[in-house]
Every structure is written in structure tokens, then in C-alpha cells.
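Engineer: After the C-alpha cells below, expect a handful of questions from me.
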């Protein structure tokens, strides 16, 4: 199997509100490859997909009643500490839930956490050990 990630799908409670969150709060543009049942945002070569949580659970043949910490986070890495602060202040002004204020980490970086409308956690981080190219992609 090739090392590849093509789509991350988040099960959401309200597709319209979740789509609006990523458009109005993060400032991302929906892909044209959408319909009334799913939203896509093209990121750095992968899609972030939003799909109704109950339907996603049904598709995977699992119970949709999960609660608490989901056991994963999504990360948006920046090129500087100042960029973390700027992004968090922008999100704060848009009334996004800041779960953890920006701060130095025990691993030598600088990060913060925000949550979307379905409590999916996004880490907004500067990692001085991670090289990013001009588009923000990880350099191997």
C-alpha cells in the first residue's frame, strides 16, 4: 500500500452549520465537488470532508453515540509563533472556541487548540523541527 492520505471525513451534527464554520471562521473555500449531503475543502493535496455523523456511522456500520475525547486531533502548522498568535486572535474575533491558549510546549514548540462545532480539536502549532515549504506543505 502506498503512503497516501486522500480524504479526512469528519462526521458532523449539522452539515450546513459545519460547512459555514469552515468557510466563515477558517476562511476556507468549498470545493465544487459538493452536493446537499457532503462538503469538501481542498487542503494541501487532500480533502477535508464534512458528512452527517449519523450517516457516516451507518456507512461504517458502527454506533453514532460516541462521546468524550475522540482520540485524535487535526493540526494546522504555521511557520512562526507569531503566526500561531495571529491565527488564534483571528479565530477568537470570530467567536471560535479556544480550548487552549497559545503557549510553549514540552516538546519545544508553540501551540494552541480550538474546536469546531462538533468538538473536533484543531491544534494550531509552530514546530521548529518541522520544515514547511512556501505553500505550508511538510518538506520530507
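Engineer: Note down the relative contact order for segment 1-63 as a percent, whole number, built from C-alpha pairs under 8 angstrom at least six residues apart.
Structural biologist: 40 percent
Engineer: Explain nothing, just the number: relative contact order of segment 72-140, from Cα pairs under 8 Å at least 6 residues apart, as a whole percent.
Structural biologist: This gives 36 percent for segment 72-140.
Engineer: Assuming 0.36 nm per residue, please report the length gained on full extension of the stretch residue 6 to residue 55 beyond their Cα-Cα distance.
Structural biologist: 15.6 nm
Engineer: Another question about this same structure. State the antiparallel share, in %, of DSSP beta bridges confined to segment 58-140, rounding to the nearest 5.
Structural biologist: DSSP beta bridges in segment 58-140 are roughly 70 percent antiparallel.
Engineer: Sort 128-137, 13-22 by packing, meaning the average of other beta carbons within 10 Å per residue, with the highest value first.
Structural biologist: Going from most to least packed, we get 13-22, 128-137.
Engineer: If R₀ is 30 angstrom, what is the calculated FRET efficiency for the pair residue 13 and residue 107, using the beta carbon separation as r and rounding to 0.05?
Structural biologist: 0.40
Engineer: Let me ask something else. Could you check which residue among 54, 65, 119 shows the biggest mean-square fluctuation in a GNM of the chain with a 10 Å Cα cutoff?
Structural biologist: Looking only at 54, 65, 119, the biggest GNM fluctuation is shown by 65.
Engineer: To the nearest 10 degrees, how steeply does helix 15-24 sit against the main Cα axis of the chain, on a 0 to 90 scale?
Structural biologist: Here the helix axis deviates by roughly 20 degrees.
Engineer: Here is a further query. Which distance in nm do the two modelled labels at residue 98 and residue 115 give, with both placed 7 Å along the Cα-to-Cβ direction?
Structural biologist: The answer from the label model is 1.7 nm.
Engineer: Next up: Pairing the Cα long axis of helix 81-93 with the longest principal axis of the chain, what angle in degrees results, from 0 to 90 and rounded to the nearest 10?
Structural biologist: 50 degrees
Engineer: Which FRET efficiency value, to the nearest 0.05, is calculated for residue 80 and residue 35 with the Förster distance at 41 angstrom and r the Cβ-Cβ distance?
Structural biologist: With R0 = 41 Å, the Cβ-Cβ based efficiency is 0.60.
Readers should treat all values here as calculations from the given coordinates under stated rules, not as data from a laboratory. Everything numeric in this text was worked out from a predicted model, so none of it was measured. Don't worry about glycine lacking a Cβ; one is built from the backbone with ideal geometry, like all the others, and counts go over all protein chains shown.
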